[in-house]
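Accompanying notes for the structure given below.
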Amino acid sequence: GQNRKSQIANLKKESEARNGNTRIANRKQEEKEVGTMSFMKGDLLSRSRKLVKGLAMAEPVWLKAMEQAPPATFPRPEGKLHTITFPEDVYVKRFYKKYPESKYHHPIKFSAIDPAPSRLFALRVLELKEHGISEDEAMEVADMEYIAEKKAKKKAYARLKQIARLQGKKLPPNPFPCPVKEIQAEERKFVRDRFFNPSIRELVKQKKEESMQRFGGDNW
């Protein structure tokens with residue numbers, strides 16, 4: 001009977017020691033996680049758990065419910081993100097290689113409805129290829145159409161100006177303005193002020209003097 005009691009006591013001690021070691025290990029792990037975790041990483045559920053474990057916030061009433069029915073998680077991309085490409089991109093690059101000035105005369109406007117001429121050119125090439133035309137011939141046809149469209153726009157504006165002169169009216173604005181000229185028109189006022197506005201000239205004079213005092217020369 002005495003041996004039986006002794007065995008039971010030893011088992012209890014071993015169980016308590018094991019449980020104590022487990023609690024200590026769990027506590028150390030929690031402290032490690034709290035000390036090294038980033039509260040801004042992960043989804044709402046994981047961030048909430050970290051904040052609660054780190055005693056940074058009280059446990060929300062909805063946390064247990066969310067743990068039972070966690071929100072959907074989506075796989076993260078592995079490695080470097082791949083560039084999104086379209087089938088016509090190769091022809092867009094060829095268009096800009098042949099007409100580099102188009103990048104400035106026909107910039108991409110995100111608010112515009114119609115795509116840029118380079119994109120129209122590339123889409124036209126793909127359309128012609130779908131009808132059995134070879135790539136070289138398709139690019140040649142699309143190139144001819146692009147040039148013809150440019151000439152048609154210039155001819156149409158010339159006709160509008162001619163009609164305005166005959167009617168004695170003010171020349172109409174160009175319906176197909178060049179973005180480079182538009183930018184130059186916006187900057188023309190500031191360029192004029194630089195040389196003729198008294199307050200601007202005085203400011204430039206002060207900056208020149210400051211530059212000479214600081215650098216010992218005229219950097220203007």
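Could you check, for the stretch 108-130, whether at least one of its residues is over 24 Å from ILE183 (Cα atoms), at pLDDT below 95, open to solvent by 100 Å² or more (accessible area, probe 1.4 Å) and part of a helix (DSSP H, G or I)? Yes, the stretch 108-130 has at least one match. Regarding ASP136, is this residue of a type in the set (D, E, K, R), over 30 Å from ASP43 (Cα atoms) and assigned to a helix (DSSP H, G or I)? The answer is yes for ASP136. Restricted to the stretch 66-95, and to residues that are basic (Lys, Arg) and not in a loop (DSSP other than H, G, I, E, B), which residue is least open to solvent (accessible area, probe 1.4 Å)? Per the stated criteria, the residue is ARG94.
Condition check ((1) in a helix (DSSP H, G or I); (2) modelled with pLDDT under 85; (3) more than 27 Å from PRO100 (Cβ to Cβ)) across all residues:
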site: ILE147; (1), (2), (3): yes, no, no
site: ALA158; (1), (2), (3): yes, no, no
site: LEU171; (1), (2), (3): no, yes, yes
site: LYS181; (1), (2), (3): yes, yes, no
site: ARG188; (1), (2), (3): yes, no, no
site: ILE200; (1), (2), (3): yes, yes, yes
site: LYS208; (1), (2), (3): yes, no, yes
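Taking (1) over 40 Å from the mean Cα position of the chain (by Cα); (2) of a type outside the set (A, V, I, L, M, F, W, C); (3) open to solvent by 100 Å² or more (accessible area, probe 1.4 Å) in turn, GLN162 satisfies each apart from (3). Within the stretch 35-55, track down each residue that is open to solvent by less than 70 Å² (accessible area, probe 1.4 Å), over 25 Å from PHE74 (Cα atoms) and either modelled with pLDDT of 60 or more or in contact with a helix residue (DSSP H, G or I) (Cβ under 9 Å, 6 or more places away or on another chain) (or both). GLY54 - this is the single residue of the stretch 35-55 that is open to solvent by less than 70 Å² (accessible area, probe 1.4 Å), over 25 Å from PHE74 (Cα atoms) and either modelled with pLDDT of 60 or more or in contact with a helix residue (DSSP H, G or I) (Cβ under 9 Å, 6 or more places away or on another chain) (or both). For first residues located in the stretch 162-175 and farther than 19 Å from LYS150 by Cα, partners that are open to solvent by 70 Å² or more (accessible area, probe 1.4 Å) and not in a helix (DSSP H, G or I) and lie 6+ apart or on another chain with Cβ distances below 9 Å form the pairs ILE163/LYS169; ALA164/LYS170; ALA164/LEU171; ARG165/LEU171.
The values are calculated or read from the model by the stated rules, or taken from the named source; none is laboratory data. Keep in mind that this is a model prediction, so the values were computed, not measured. Neighbour counts are summed over all protein chains in view; Cβ atoms, including those assigned to glycine, are modelled from backbone coordinates with ideal geometry. The area values use the complete protein model at the heavy-atom level, side chains included, leaving out ligands, DNA and RNA. Shrake-Rupley method; radii C 1.70, N 1.55, O 1.52, S 1.80 Å.
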